[in-house]
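Enquirer: Could you have a look at this structure, given as structure tokens, before my questions?
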Amino acid sequence: MNQPKQQKLTQTQAATQVANHCHGFLSDCIRAIDLCAETPVLCDIAKRLRSQIATKKIKIFEANPLPALAHLSLVKDMALAKRFQTFAKGLPWDYSPRTSDKGTELAVCDFGRVLDMDAVVDGLMDSLDVGVIYVDCHREYPLHSHPPHELYFLISGTAQWRYGKHEEYQTLTAGNLIHNEPNDRHGVIAGHTPALALYAQWS
Ligand SMILES: [Fe+2]
């Protein structure tokens with residue numbers, strides 16, 4: 001008996017499928033951020049993120065699953081993390097210009113490459129970028145600082161995070177929401193499992 005032929009998706013079909021998953025995942029992250037937000041600034045960002053993706057506008061992109069994602073199966077601290085696993089390899093990942101590993105230890109995905117989120121940016125904010133950062137087991141995203149604000153919503157991994165006004169690294173787990181004000185030094189060192197976090201950066 002002939003085996004049914006598996007049809008290969010076109011790039012447009014594959015990107016659309018992944019972008020739909022990404023939109024749902026991002027919507028749920030924003031809902032969680034809204035619930036965890038304890039300051040007016042973070043509540044405002046959750047609101048702005050929600051309005052940025054209110055109209056789902058999908059971009060066409062090519063998957064780029066970097067070698068850093070080798071331990072993606074260990075990303076499972078909460079339902080959001082397990083869900084992320086199902087479409088993560090179809091995303092257009094980049095390596096970080098802050099490290100020299102070229103995507104073997106660390107991967108970043110700007111969701112602006114997956115969904116068109118530019119239309120709603122208004123005069124109150126110059127920019128609002130959102131995406132995910134993945135740091136493989138025991139690897140480090142080095143200390144750095146920058147003028148834009150940045151929040152991280154931790155999705156998986158018990159890791160050492162330096163953030164805000166802290167001068168020492170703190171152990172944080174999935175579900176934490178952290179905020180770096182302009183020029184706060186911040187970074188992360190992953191533990192036994194990868195550190196996965198949603199980030200949003202704005203000025
Ligand atoms: Fe940063």
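The values are calculated or read from the model by the stated rules, or taken from the named source; none is laboratory data. As the structure is a computational prediction, the values presented were derived from the model and not from experiment. Every residue, glycine as well, gets a Cβ built from its backbone with ideal geometry; the counts of neighbours run over all protein chains shown.
Enquirer: Is it the case, given these coordinates, that residue 49 is closer than 19 Å to residue 178 by Cβ, modelled with pLDDT under 95 and crowded, with 16+ Cβ neighbours inside 10 Å?
Expert: In short, yes.
Enquirer: Being without any contact (Cβ under 8 Å) to a residue 40 or more places away in the chain and surrounded by fewer than 21 Cβ atoms within 10 Å (Cβ to Cβ) is the requirement here; does residue 113 meet it?
Expert: Here the answer is no, as residue 113 does not meet what is asked.
So that you can scan it fast, the table gives a plain yes or no per residue for (1) without any contact (Cβ under 8 Å) to a residue 40 or more places away in the chain; (2) of a type in the set (A, V, I, L, M); (3) touching a helix residue (DSSP H, G or I) at 6+ places or on another chain (Cβ under 9 Å); (4) within 15 Å of the ligand (Cβ to nearest atom):
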residue: 133; (1), (2), (3), (4): no, yes, no, yes
residue: 139; (1), (2), (3), (4): no, no, yes, no
residue: 145; (1), (2), (3), (4): no, no, no, yes
residue: 160; (1), (2), (3), (4): yes, no, no, no
residue: 163; (1), (2), (3), (4): yes, no, no, yes
residue: 170; (1), (2), (3), (4): yes, no, no, no
residue: 180; (1), (2), (3), (4): yes, no, no, yes
residue: 184; (1), (2), (3), (4): yes, no, no, yes
residue: 190; (1), (2), (3), (4): no, yes, no, no
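Enquirer: Restricting attention to the range 45-56, which residues are within 11 Å of residue 151 (Cβ to Cβ) and either in contact (Cβ under 8 Å) with a residue 60 or more places away in the chain or out of contact with any helix residue (DSSP H, G or I) (no Cβ under 9 Å at 6 or more places or on another chain) (or both)?
Expert: 45, 49
Enquirer: Based on what the data block shows, is residue 100 more than 16 Å from the ligand (Cβ to nearest atom) and loosely packed, with under 14 Cβ neighbours inside 10 Å?
Expert: The answer is yes for residue 100.
Enquirer: Taking the options 195, 174, name whichever one is touching a residue at least 60 places away in the same chain (Cβ under 8 Å), within 15 Å of the ligand (Cβ to nearest atom), at negative phi and within 14 Å of the chain's Cα centre (by Cα).
Expert: Sole residue among the options that is touching a residue at least 60 places away in the same chain (Cβ under 8 Å), within 15 Å of the ligand (Cβ to nearest atom), at negative phi and within 14 Å of the chain's Cα centre (by Cα): 195.
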